[in-house]
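Derivation of every value follows stated rules applied to the coordinates shown; laboratory data play no part. Fair warning: this is a prediction, and the values are worked out from it, not measured in the lab. Cβ sites come from the backbone with ideal geometry, for glycine too, and all protein chains shown count toward neighbours.
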Amino acid sequence: MGGSSPCASCKLLRRRCAKDCIFAPYFPSDDPHKFAIVHKVFGASNVSKMLQELPLHQRADAVSSLVYEANARVRDPVYGCVGAISYLQTQVSQLQMQLAVAQAEILCIQMQQESTLPTQQIIDNHHHHHQDHDHDHHDQKPLILSNINNNNNSTITTTNFSTNNLPQYLTFSSSGNINVMQDPTLQRESLWT
């Protein structure tokens, strides 16, 4: 910095700090470790050449990068900052995969909720319709709602519903249950014999 207190570079190199010292603005005397590590990894003359080739407004950022890279090289002599970048990229990839899995689970849950609502409405409508119009059942084609549990001792339970303007549904849940609406004329067979 030119004056009584030399910059960290000039202090380490044991030389007189000139008024126009290129290191003085970026390596103050109160932080000697900052220059020492950059000098150890890159060399003072190489750093001086790099800084002289850069415009003034980019030099502070360049020094920050050099200090970061030098610290990374000391911590990991083989890979340096590339090792840190690679580690972070791997971490980002893993987090993106976890995010995709979470989004897929949310979508499955939303689809289950959407398919459960119409089924519940069918059940509610059937009970209401059954109470009001018991005598009209002879001209309605019934459907069977089967609940098939996907485990060793499989059980099938059925419930009759009327088909007045009702869509057919097939829903899957993550617990392995499958809800199927089917025509009662189809033969019931065990899927897991």
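List of remarks:
- 3J(HN,Hα) along the stretch 64-80: 4, 5, 4, 5, 4, 5, 5, 4, 5, 5, 5, 5, 10, x, 7, 9, x Hz, from the Karplus curve 6.51 cos²θ - 1.76 cosθ + 1.60 with θ = phi - 60°, whole Hz, x for Gly and Pro.
- Fewest-first ranking of Lys34, Lys19, Lys11, using other Cβ atoms within 10 Å as the exposure measure: Lys19, Lys11, Lys34
- Cα-only radius of gyration and Dmax that characterise the stretch 8-75, units Å: 11.2, 34
- Ordered by the count of other Cβ atoms within 10 Å of each Cβ, fewest first, His39, His57, His33 give His57, His33, His39.
- For Phe23, residues with placed amide H under 5 Å, excluding near neighbours: none
- Among Leu54, Leu12, the order by Cβ neighbours within 10 angstrom, fewest to most, reads Leu54, Leu12.
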